[in-house]
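K.L.:
Sharing a structure here in structure tokens format.
Any read-out appearing in this document is the output of simple, stated calculations on the displayed coordinates, not a laboratory observation. Please read these numbers as outputs of a predicted model, since none were measured by experiment. All Cβ positions, even for glycine, are placed from backbone atoms using ideal geometry, and neighbour counts span all protein chains on display.
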Amino acid sequence: MGLPRKLLVDPLLTPLYHCTSRCVRRAMLCGPGYEHRKIWIEGRLEELVAIFSIDVCGYSVMDNHLHVVVRLDPERVKTWDNLEVARRWGTLFPPRDSTGKVLELSSDWLESRESDAAWIEKTRQRLASLSWFMKCLKEPLARQANREDNVTGAFWAERFRSVAILDEESLLAVCAYVDLNPLAAGVAPTPEESAHTSIHARVEHCRQAGALETLLGDPMDRSNLDRVSAVEQSHWLCPIDDRRGQGAERPGLLAGLSLRSYLQFVDWVARMYREGKAQLHREASGILERLGTSLEQWEGTVLVLLRRSKLVGTALGQLESLRRLATARGQRWVQNLAGRPA
């Protein structure tokens, strides 16, 4: 019997999770002729990030399945006052009249919810819940697709599957793996051309902000890094470089990891799909030293993710991280993606 979701998802153990969901019968319901549904999913993710106390670190939308890497932030939701909680929920589930027509968020509606302490507490918990985030992502899209096809029934094959990401090394590997799903499937020639992925969205955001040349410019020029970091802060995705220690408001993926270095990591992993030895640029390899791992160890983690038999387990991390998780769950061992005993 599998573990219940409340044990699988615990922000006190780790706020980071890799979530996957497949279309029913693995049908290509977002494939040829239905690619616009991938745009629906991307748009919905952006909407939900503006409402929930959850950040999206990475994603890829494939023809018959979806990957999302999220960071839960239960502390942020505690800073919202009752009115803000009601406003966010009303944006997500607006009031309707007896015919089902959506109504505007009136001051009377907001005040009635704001004064209901029990409702506010329940809603506050939901706005920090991974289960509710995924529910609000998948259900509306399923209904919209069914209306388009004039059918009823399931669109998604299951609720969703979540794997806890226990350390920074594993986070970097998972994000690279998720961004490279289209390349692995043979539908994209290079990482930056992998449409409907977070890496493509990040590069396009820099392009639209006029910062693409800066991104690809001299990595030793500090002003280049600062400008790209500022551009990242304006994007709906979680920034790559975590600059909270330098005054940035939004948390990033990893401190000291620039978007340029992340692109180098992804390019290095992409070469592992093709013949020939991959070589990691010195600028990016220094990040692994700071994370307390080696190139060989990180390569091993990536290779585990690339295996087609990888879909087992509930956690990914280094051995010590897995041992701590096992202790917290009261288990003697943890089945996990790396297949390492804990």
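K.L.:
Alpha carbon centre of the range 106-148 versus the range 40-79: separation in Å?
P.N.:
Cα centres, the range 106-148 to the range 40-79: 15 Å.
K.L.:
Dividing the convex hull volume of the alpha carbon atoms of the range 81-126 by its residue count, what do you get in Å³ per residue? Before the final figure, lay out the partial values.
P.N.:
Numbers: hull volume 3.4 nm³, N = 46.
Spread over its residues, the Cα hull of the range 81-126 gives 73 Å³ apiece.
K.L.:
Another question about this same structure. Just the Cα atoms of the chain, one point each, no solvent: what log10 I(q)/I(0) does Debye give at q = 0.10 Å⁻¹?
P.N.:
Evaluating at q = 0.10 Å⁻¹ gives log10 I(q)/I(0) of -0.64.
K.L.:
Could I ask something else about it? Excluding the sites themselves, what is the longest stretch of the chain that contains no GluC sites (Glu not before Pro) in a DSSP loop with at most 16 other C-beta atoms within 10 Å? Don't skip to the end; give the middle numbers.
P.N.:
On the way: sites that count: E35, E104, E158, E249, E275.
The reported range is 159-248.
K.L.:
What net charge is computed for the residues neighbouring D179, neighbours being all others with C-beta under 11 Å from the C-beta of D179, Lys and Arg scored +1, Asp and Glu -1? Walk me through the intermediate numbers first.
P.N.:
On the way: positive: R202; negative: E192, D267.
Here the count lands on -1.
K.L.:
Still on this structure, I have one more. In the range 27-120, what trypsin sites (Lys or Arg not before Pro) fall in a loop by DSSP, with at most 13 other Cβ atoms inside 10 Å? Intermediate results must be reported in sequence, preceding the final value.
P.N.:
Details: sites: R37, K38, R44, R71, R76, K78, R87, R88, R96, K101, R113; in loops: K101.
Loop-located and lightly packed - K101.
K.L.:
Let me ask something additional. Mind jotting down the distance between the C-alpha centroids of the range 219-267 and the range 181-202, whole Å?
P.N.:
20 Å
K.L.:
Angle, helix 198-208 long axis vs. longest principal axis of the chain, Cα atoms, 0 to 90°, nearest 10?
P.N.:
Compared with the principal axis, the helix lies near 90 degrees.
K.L.:
Within the range 166-192, what residues put their amide N at less than 20 Å from the label point 7 Å along the Cα-to-Cβ vector of L212?
P.N.:
Residues 180, 183, 188-192 qualify, since their backbone N sits under 20 Å from the label point.
K.L.:
What is the angle, in °, between the Cα long axis of helix 295-306 and the longest principal axis of the Cα atoms in the chain? Nearest 10 is fine, range 0 to 90.
P.N.:
It works out to around 50 degrees.
K.L.:
Quickly rank 54-63, 255-264 as a protection proxy: mean count of other C-beta atoms within 10 Å, highest first. Intermediate results must be reported in sequence, preceding the final value.
P.N.:
Numbers: 54-63: 23.2, 255-264: 20.0.
Ranked by mean Cβ neighbours within 10 Å, highest first: 54-63, 255-264.
K.L.:
Using the Cβ atoms and a cut-off under 12 Å, what net charge is assigned to the surroundings of A248, where Lys and Arg are +1 and Asp and Glu are -1? Please list the in-between numbers first.
P.N.:
Details: positive: R243, R244, R250; negative: D226, E232, D241, D242, E249.
My count for the surroundings of A248 gives -2.
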